[in-house]
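K.L.:
Let me begin by handing over the structure; questions about it come next.
The values are calculated or read from the model by the stated rules, or taken from the named source; none is laboratory data. For clarity, every value in this text was computed on a predicted model and none was experimentally measured. All Cβ positions, even for glycine, are placed from backbone atoms using ideal geometry, and neighbour counts span all protein chains on display.
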Amino acid sequence: MLDNSHGTDRRTVLQTIGGAVGVAGLSGVASAADGTVEVNVGYSAEGGRQAALGAAMDVEREFAFDALTITVSEEAAARLSAREDVRYVEENGTYEALGESLPWGIDRTDSDVAHANGETGNGADIAIIDTGIDDDHPDLQANLADPSVDSNHKAYESCKGPNCNYPWSDDNDHGSHCSGIANGVDNTEGVIGVSTQANLHALKALDKRGSGTYSNIASAVQYTADQGWDVASMSLGGSSSSQTLKDACQYAYNNGVLIVAAAGNDGPCSDCVGYPAKYSTVMAISATSCGDTLASFSSTGPEIEIAAPGENVYSTIIGGYDTFDGTSMACPHVSGAGAQLMANGYTNADARKQLKDTAENIGLASNESGAGLLDTAAAFGLSSSDDGAGTGPNC
Amino acid sequence: MLTATLSVTPDEEALELTLSVANEGDEAVELDFSDAQRAEFVATEVDSGEEMWRWSEGRMFGQVLGIEVLDPGDQLEYEVEWPDPPDGSSRVRGELVDDEHQPSAEMTVELE
């Protein structure tokens with residue numbers, strides 16, 4: 001099966017992001033003191049090209065696709081722009097390295113407030129049971145548990161394709177996207193996770209096409225418990241129950257693991273939470289949109305425990321960043337928050353209860369958002385009056 | 001206009017099934033998916049219609065929405081393995097599991 005392509009060229013996503021923190025992507029070039037500007041001129045006929053060359057004080061470049069870069073006076077630029085045989089005149093801006101941006105979900109859950117108060121998840125271990133993790137991504141690498149220690153990561157399905165430094169490396173994007181949401185590195189670039197310094201463990205139970213067997217998923221859940229890790233994050237599901245997976249979740253929960261799963265994307269629907277989210281040992285997470293509505297695709301039902309941002313979520317992918325939708329994206333928000341609490345000594349059951357007790361009431365029904373919207377700051381007893389969705393990507 | 005074709009290739013004891021979906025129309029078609037699953041394959045008994053095998057049984061999928069855009073003249077292909085098909089006749093069906101169109105194709109296979 002083809003990879004999960006999303007219709008947008010992922011490389012162009014970088015161009016549309018306005019950062020809430022740091023420098024936005026495109027900065028205009030101010031005119032030089034003498035009123036000249038450097039512009040890119042696209043023409044549709046030879047007349048346009050000749051006009052541009054005639055007006056140019058300097059010709060930087062001629063392209064093979066009917067455009068050139070020239071220095072002209074501002075008035076000449078305006079005159080060129082008005083010509084029928086000139087398609088465009090654009091200022092020759094510069095792309096600068098983007099600063100770190102605050103994805104709307106991190107902002108809306110007040111995870112940034114927790115960060116400002118020193119909560120980082122440092123010392124907690126999160127198992128990402130998924131398609132793997134992009135091991136050399138600048139926004140994930142520092143948070144990956146040491147790859148040279150074999151037991152830190154596992155491949156139940158081997159990585160396929162050109163980006164496989166390890167058998168557990170991500171060959172799909174999904175696992176990396178979830179990892180960035182849960183625990184993206186807090187540096188000067190990219191995104192930031194709900195947690196920022198926990199340890200990420202790749203348990204690659206999903207293959208390149210994003211699917212995995214009950215047995216492999218169950219094995220990954222058991223492994224998380226056997227390693228003594230804190231959180232098992234499962235952005236996966238199906239409509240049929242697996243007794244093996246149910247038993248594995250019971251085992252893991254009995255052994256102290258906080259298990260978090262995506263509720264499913266069968267919405268609009270009622271009483272349609274999928275498995276493993278539906279198991280009582282697992283926190284079922286529904287998805288909200290930027291305006292605090294339930295995402296239209298989100299499954300609902302009595303098993304929903306809390307909701308988290310799941311629409312237009314910007315995060316890490318293999319070698320870059322992209323925007324995805326799904327309860328897959330909501331789940332790791334909660335995984336990161338759970339890891340933060342467990343880093344502070346909470347047990348799995350106490351973390352689960354605390355997250356529910358402090359969730360924000362956003363006016364949705366309990367079968368839609370359970371106890372409410374994840375509120376990381378409130379979970380730590382910090383003021384959550386911030387509550388901004390911010391001007392971060394996609395909100 | 002989407003057309004689906006199913007083809008099979010023996011692979012030792014197993015049977016490889018390939019679902020091809022072609023856009024034979026003039027306009028691009030956007031296919032929306034609710035999760036990572038793109039296709040389903042089902043084998044049924046010829047006489048009773050009883051289900052013998054379903055590819056997605058025993059599997060779970062990443063819960064992320066997906067889009068595939070099929071330009072005019074292009075096609076998508078999905079290939080899976082049916083590990084243990086029985087001798088004799090079986091009816092096999094492949095279907096795209098997108099939200100709207102769900103193009104599908106069926107065939108009868110005779111194995112020995």
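K.L.:
Can you find even one residue in the range A:210-224 that is within 12 Å of chain B (Cβ to nearest Cβ), in contact (Cβ under 8 Å) with a residue 12 or more places away in the chain and in contact with a His (Cβ under 9 Å, 6 or more places away or on another chain)?
P.N.:
Yes.
K.L.:
Which one of B:Val69, B:Val64 is at the interface with chain A (Cβ under 7 Å from one of its Cβ atoms), modelled with pLDDT of 95 or more and not in a strand (DSSP E or B)?
P.N.:
On inspection, the qualifying residue turns out to be B:Val64.
K.L.:
Scan the range A:325-332 and tell me whether some residue there is away from chain B (no Cβ under 13 Å) and either outside any loop (DSSP other than H, G, I, E, B) or among the β-branched types (Val, Ile, Thr) (or both).
P.N.:
No; the residues of the range A:325-332 include none that is away from chain B (no Cβ under 13 Å) and either outside any loop (DSSP other than H, G, I, E, B) or among the β-branched types (Val, Ile, Thr) (or both).
K.L.:
Scan the range A:132-140 and tell me whether some residue there is in contact (Cβ under 8 Å) with a residue 60 or more places away in the chain, under 25 Å from A:Tyr253 (Cβ atoms) and either in a loop (DSSP other than H, G, I, E, B) or within 14 Å of chain B (Cβ to nearest Cβ) (or both).
P.N.:
yes
K.L.:
Right, here's the next one. When the range A:236-265 is examined, which residues are found to be in contact with an Asp or Glu (Cβ under 8 Å, 6 or more places away or on another chain), within 14 Å of chain B (Cβ to nearest Cβ) and not in a loop (DSSP other than H, G, I, E, B)?
P.N.:
A:Leu236, A:Gly237 - these are the residues of the range A:236-265 that are in contact with an Asp or Glu (Cβ under 8 Å, 6 or more places away or on another chain), within 14 Å of chain B (Cβ to nearest Cβ) and not in a loop (DSSP other than H, G, I, E, B).
K.L.:
For A:Val257, state whether it is without any contact (Cβ under 8 Å) to a residue 40 or more places away in the chain, in contact with a strand residue (DSSP E or B) (Cβ under 7 Å, 6 or more places away or on another chain) and surrounded by 24 or more Cβ atoms within 10 Å (Cβ to Cβ).
P.N.:
For A:Val257, the condition - without any contact (Cβ under 8 Å) to a residue 40 or more places away in the chain, in contact with a strand residue (DSSP E or B) (Cβ under 7 Å, 6 or more places away or on another chain) and surrounded by 24 or more Cβ atoms within 10 Å (Cβ to Cβ) - is not met.
K.L.:
Inspect the range B:28-41 for any residue being away from chain A (no Cβ under 14 Å) and within 30 Å of A:Asn265 (Cα to Cα) and give the result as yes or no.
P.N.:
Checked the range B:28-41: no residue is away from chain A (no Cβ under 14 Å) and within 30 Å of A:Asn265 (Cα to Cα).
K.L.:
Based on what the data block shows, is A:Val273 more than 14 Å from chain B (Cβ to nearest Cβ), in contact (Cβ under 8 Å) with a residue 24 or more places away in the chain and surrounded by 22 or more Cβ atoms within 10 Å (Cβ to Cβ)?
P.N.:
No, not satisfied.
K.L.:
Determine which member of the set A:Gly345, A:Gly320 is in contact with a Lys or Arg (Cβ under 7 Å, 6 or more places away or on another chain) and either farther than 18 Å from A:Val191 by Cα or touching a residue at least 60 places away in the same chain (Cβ under 8 Å) (or both).
P.N.:
Just one listed residue meets the conditions, A:Gly320.
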